[in-house]
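The values are calculated or read from the model by the stated rules, or taken from the named source; none is laboratory data. On a predicted model such as this, the values are computed, not experimentally measured, just so you know. Positions of Cβ are generated from backbone atoms using ideal geometry, with glycine treated the same way; all protein chains shown enter the neighbour counts.
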Amino acid sequence: MGVEPQVLIVAPLAVFVAFFVFGMTGFGSSVIAVPLLAHVLPLQQVVPTMVLMEFVASFLLRRGHGGRSNRRELAWLVPVAVVGIGAGAILLARLPAAPLLAGLGTFVLLFGLYTLLDPSFRGVIARAWVLPAGLVGGTFTALFGTGGPVYAIYLSRRIEDRREFRSTMAAMITVSTAVRIVAFALTGLLLHLKVLLGALALAPVMLAGLRLGSRVHLGVSPQRVRQALGAVLVASGVSLLVKAVG
């Protein structure tokens, strides 16, 4: 059975844009690609495919900026996120498609609005926030591949230096994707030829987007990136909710 034409159009475009943003910010690939890919492919295929590409991309990005990660923050956040990832992987393997699409659409829409509104709070938050951030981020990471924004909201309130934040996020994505690979293998989500072939076929597009995003990340206004990302996410969230209830 051949690949449908809309998949050949949507998949490369979504992956390129997603990893272009990942190259600039150190996160955000799945929150962009997964909602778009979910229109043409089942989530149980999309999320494991993205996790394989994210693992490679985060490793490459971190290698290019080694030594800047905040290990203290990672030591607190990673163990909590692992618990959430375990719960999310079980839910992804067992829940039907409609509730998954509705949940993804709601999350993406709300995060898109948050991104556009850009709350003015810029202070350092308490360490105790690592518990909800890790649990929610881990669960959404496994369910939809969209936990990165949750980690980013927390870490951006703990790390002020932009380069250190970007490198720490890349390290967090590397660890969380490695854990997801194990969790998806145990639940059987990775044991499908379509997932492996999809990741291999889209790897060149992923690398091109990552390379371009890494080159321009310091020359692009964070406000412009935020506005563009927020608009895409709001549109994606609304379209997914329409698809879920349609």
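At-a-glance table
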read-out	value
Pairs where the first residue, in segment 31-51, is of a type in the set (Ser, Thr, Tyr) and assigned to a helix (DSSP H, G or I) and the second is buried (at least 24 other Cβ atoms within 10 Å of the Cβ) and at pLDDT 90 or above, C-beta under 6 Å, 6+ apart	Thr49/Gly198
Criterion: aromatic (Phe, Trp, Tyr) and part of a loop (DSSP other than H, G, I, E, B) - qualifying residue of Phe55, Phe59, Phe20, Phe27	Phe27
Test result for Ala57, within 15 Å of Gly209 (Cα to Cα), surrounded by 22 or more Cβ atoms within 10 Å (Cβ to Cβ) and either of a type in the set (Phe, Trp, Tyr) or free of Cβ contacts under 8 Å to residues at least 60 places away in the same chain (or both)	no
Contacts under 9 angstrom Cβ, first residue in segment 6-19 being touching a residue at least 40 places away in the same chain (Cβ under 8 Å), partner acidic (Asp, Glu) and in a helix (DSSP H, G or I), 6 or more apart	Phe19/Glu54
Within segment 114-128, considering residues that are of a type in the set (Gly, Ala, Ser) and closer than 12 Å to Arg157 by Cα, the one modelled with the lowest pLDDT	Ser120
Residue that is modelled with the highest pLDDT [pool: residues in segment 206-234 that are more than 17 Å from the chain's Cα centre (by Cα), among the aliphatic types (A, V, I, L, M) and assigned to a helix (DSSP H, G or I)]	Ala208
Residue in segment 93-113 that is among the polar types (S, T, N, Q) and in contact with a Leu (Cβ under 9 Å, 6 or more places away or on another chain) present	yes
Matching entry among Ser58, Ser30 (being closer than 23 Å to Leu110 by Cα, under 15 Å from the mean Cα position of the chain (by Cα) and among the hydroxyl-bearing types (Ser, Thr, Tyr))	Ser30
Only one of Phe165, Phe144 that is farther than 12 Å from Val78 by Cβ, in contact (Cβ under 8 Å) with a residue 40 or more places away in the chain and over 14 Å from the mean Cα position of the chain (by Cα)	Phe165
Unique residue being assigned to a helix (DSSP H, G or I) and modelled with pLDDT of 90 or more when the list is Leu135, Leu101, Leu109	Leu135
Boolean, Val40 is modelled with pLDDT of 85 or more, under 26 Å from Pro96 (Cα atoms), surrounded by fewer than 23 Cβ atoms within 10 Å (Cβ to Cβ) and of a type in the set (Val, Ile, Thr)	yes
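Here's the yes/no breakdown for (1) part of a helix (DSSP H, G or I); (2) closer than 17 Å to Val47 by Cβ:
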residue	(1), (2)
Ala142	yes, yes
Thr146	no, yes
Val150	yes, yes
Leu155	yes, no
Arg158	no, no
Phe165	yes, no
